[in-house]
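Before I ask anything, let me first share the structure, which is written out below as structure tokens.
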Amino acid sequence: NGTGCALRGSSERMENAAKRRLAANARERRRMQGLNTAFDRLRKVVPQWGQDKKLSKYETLQMALSYIMALTRILAEAERFSSEREWLGLHCEHFHGDSYHHYPAQKPTADSDPYAHRVFSYHPEHFQIAN
């Protein structure tokens, strides 16, 4: 009967190992489903610029990085202006000049604004502010 006990113990160990493996597989499946859901959510908020196919995970991460960097540059440019009026003036300067007065802009130094040379390719001397 000693052989029967040994076989029963071995069988129980195999069953336990199989149960642990099934549980580990289920945990991994849930983890991957969560990761895929997160990528799908990220794809919805990252601009795709007209691509018809679904972005790969790598492409999604690259696009997210580019998008975050672009938004960071926009925020850095916005911080260069001390008031909302100046910020609006910068973006409204293409309107008709009769309804604006000139505001001499302060040009930041390279030390005070590390993004100045990267954000926009032009640096106007005067911005027009709406009256």
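The values are calculated or read from the model by the stated rules, or taken from the named source; none is laboratory data. Values in this document were obtained by computation on a predicted structure and should not be read as measured data. Reconstructed Cβ throughout: ideal geometry from the backbone, glycine too, with neighbour counts over all protein chains shown.
Report the residue count in region 41-67 for those that are loosely packed, with under 11 Cβ neighbours inside 10 Å and assigned to a helix (DSSP H, G or I).
4
State which residue pairs qualify: first residue modelled with pLDDT under 65 and inside region 68-95, second residue aliphatic (A, V, I, L, M) in any location, beta carbons under 7 Å apart, and separation of 6 or more residues or different chains.
Taking only residues 6 or more apart or on different chains, the pairs are Trp87/Ala78.
Taking the condition within 23 Å of the chain's Cα centre (by Cα), surrounded by 12 or more Cβ atoms within 10 Å (Cβ to Cβ), at pLDDT 90 or above and in a helix (DSSP H, G or I), does Thr37 pass?
no
Related question: Looking only at region 46-58, count every residue that is under 14 Å from Asn36 (Cα atoms) and of a type in the set (D, E, K, R) and tell me the total.
Of the residues in that region, 2 qualify.
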